[in-house]
Amino acid sequence: MNPEKTRIKEVPLLDVRNLETAFDIDGTDYNAVDDVSFQVKPRQIVGIVGESGCGKSVMSLSIMQLLPKGIGKVKSGQIVFDGINLEKMSESQINKLRGNDVSMIFQEPMTSLNPVFTIGYQLQEVFFNHTIISRRNARLRSIALLKSVGISRPEKIVDEYPHQLSGGMRQRVMIAIAIACQPKLLIADEPTTALDVTVQAQILELLKGIQEVNDMSIILITHDLGVVAEMCDEVIVMYAGKIVERTDVDRLFHNPKHPYTTLLLGAIPKMDEQEDRLNSIQGIVPSLINMPQVGCRFANRCPKAMPECTTITPLLENVEQGHEVACLLFDTSKPKEEMR
Ligand SMILES: Nc1ncnc2c1ncn2[C@@H]1O[C@H](COP(=O)(O)OP(=O)(O)O)[C@@H](O)[C@H]1O
Ligand SMILES: [Mg+2]
């Protein structure tokens, strides 16, 4: 391998440091993302998993600087993209970065497309904004892009309006728009949840293909651990606004440490089951206003909880090189015989 390329790979494309994102609820700040740090290297696919309400989308919106104004804010921490601290960027620099270097596929495709413009118009806009291209070529590229995301009869669809498409097709259009300008980082928030299994596999294969060709990094948010196994290099497990485990995909599946991860893995649906079995973990994720202030936030649902789990807050620590866990069961500061 080219040694220069190896060296470049070590520098993170995205470096999130001690991120805290809060929502103002009746005049009080509540952290939806609480002291989260992680990196995404060039070409890496990092999966983020966790039940609904764990802060995955809020974290993505924080990175994209798209939090609802006046309600949500990055309270502390840093988001460094390609060596530049996003906080130091002007609104226009952020706008340029969004869509060009970083783009995102949202969970709800219906609200992300403009209902008054054709699909083709919205796709071509991306090309016109970022490249010098003739109208005819932009149209041809739009059609090719639509075809590549699994849309049949793209020559017809290109002239249709979002309301004429099914939800699944709209999501495919969103993916086409997001990858049109070949971003360095794509944040895909549950990108295939609305699609049927066959289409889902095609879309994921497509994303992986584009990632390889374009040297793109992906943050893939999903509640489907099968997707993680298929797609990701690294996995971050989030619970109640915090990272509870982070490691490479092999270790996560073969040697999960955090009891929450173990339960998530146990909840993987079998191939013939469509239902979302993540809900099969007893209890619910605490809401922002009910978040425990000390101790482990998972303690009240954890089958391995010890008395100290409600009084000592576990820190995310390396239990071995490249495997971070926030759980007192793996607290390296404790003498070995005390560990279970
Ligand atoms: N606009 C908002 N106002 C108040 N609370 C919010 C808002 N958006 C999200 N939250 C809360 O932040 C937490 C994390 O939400 P979210 O990031 O959407 O979870 P996930 O994407 O993991 O399902 C949840 O408790 C959710 O209720
Ligand atoms: Mg979400």
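The values are calculated or read from the model by the stated rules, or taken from the named source; none is laboratory data. Note that the structure is a prediction, hence the values are computed from the model and not measured. All Cβ positions, even for glycine, are placed from backbone atoms using ideal geometry, and neighbour counts span all protein chains on display. Heads up: the accessible areas ignore ligands, DNA and RNA and are worked out on the full protein's heavy atoms, side chains in. Shrake-Rupley method; radii C 1.70, N 1.55, O 1.52, S 1.80 Å.
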Could you count how many residues in segment 184-193 are open to solvent by 20 Å² or more (accessible area, probe 1.4 Å) and away from ligand 1 (no atom under 15 Å from the Cβ)? 1
Go through the residues of segment 151-161 one by one and say whether even a single one is part of a helix (DSSP H, G or I) and modelled with pLDDT under 95. no
Scan (1) within 16 Å of ligand 1 (Cβ to nearest atom); (2) of a type in the set (A, V, I, L, M); (3) free of Cβ contacts under 8 Å to residues at least 24 places away in the same chain for the single condition residue 213 breaks and write down its number. (1)
List, please: which pairs have Cβ atoms under 6 Å, are six or more places apart or on different chains, and start with a residue in segment 41-52 that is closer than 12 Å to residue 241 by Cα and end with one that is of a type in the set (Ser, Thr, Tyr)? 50/239
Being within 18 Å of residue 36 (Cβ to Cβ), modelled with pLDDT of 95 or more and β-branched (Val, Ile, Thr) narrows 310, 261 down to just 261
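Yes or no, residue by residue, for (1) of a type in the set (Val, Ile, Thr); (2) free of Cβ contacts under 8 Å to residues at least 24 places away in the same chain; (3) in contact with a Cys (Cβ under 6 Å, 6 or more places away or on another chain); (4) outside any strand (DSSP E or B):
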{"site": "168", "(1), (2), (3), (4)": "no, no, no, yes"}
{"site": "177", "(1), (2), (3), (4)": "yes, no, no, yes"}
{"site": "183", "(1), (2), (3), (4)": "no, no, no, yes"}
{"site": "188", "(1), (2), (3), (4)": "no, no, no, no"}
{"site": "198", "(1), (2), (3), (4)": "yes, yes, no, yes"}
{"site": "204", "(1), (2), (3), (4)": "no, no, no, yes"}
{"site": "209", "(1), (2), (3), (4)": "no, yes, no, yes"}
{"site": "219", "(1), (2), (3), (4)": "yes, no, no, no"}
{"site": "238", "(1), (2), (3), (4)": "no, no, yes, no"}
Any residue at all in segment 169-182 that's charged (D, E, K, R) and over 27 Å from residue 59 (Cβ atoms)? no
For helices (runs of 4 or more DSSP H) lying entirely in segment 54-138, having 2 or more residues that are among the hydrophobic types (A, V, I, L, M, F, W, C), out of contact with any Ser or Thr (no Cβ under 6 Å at 6 or more places or on another chain) and away from ligand 2 (no atom under 16 Å from the Cβ) picks out 91-100, 119-130
Candidate set: segment 166-178, residues that are touching a helix residue (DSSP H, G or I) at 6+ places or on another chain (Cβ under 9 Å) and either of a type in the set (Phe, Trp, Tyr) or open to solvent by 10 Å² or more (accessible area, probe 1.4 Å) (or both); chosen: the one farthest from ligand 2 (Cβ to nearest atom): 169
Unique match (being farther than 18 Å from residue 81 by Cβ, acidic (Asp, Glu), open to solvent by 30 Å² or more (accessible area, probe 1.4 Å) and within 16 Å of ligand 1 (Cβ to nearest atom)) among 224, 233, 196: 224
What are the residue pairs meeting all of these: first residue in segment 63-79, first residue closer than 14 Å to residue 91 by Cα, second residue within 14 Å of ligand 2 (Cβ to nearest atom), Cβ atoms under 6 Å, and 6 or more apart or on different chains? 64/104; 67/61
I want to confirm something. Restricting to segment 36-53 and keeping residues that are closer than 16 Å to residue 12 by Cβ and in a loop (DSSP other than H, G, I, E, B), which single residue is nearest to ligand 2 (Cβ to nearest atom)? 44
Keeping to segment 60-87, report how many residues are loosely packed, with under 15 Cβ neighbours inside 10 Å and under 18 Å from residue 220 (Cα atoms). 1
Give the residues of segment 195-247 that are farther than 16 Å from residue 182 by Cα, at pLDDT 90 or above and acidic (Asp, Glu), sorted by residue number. 230, 233, 234, 245
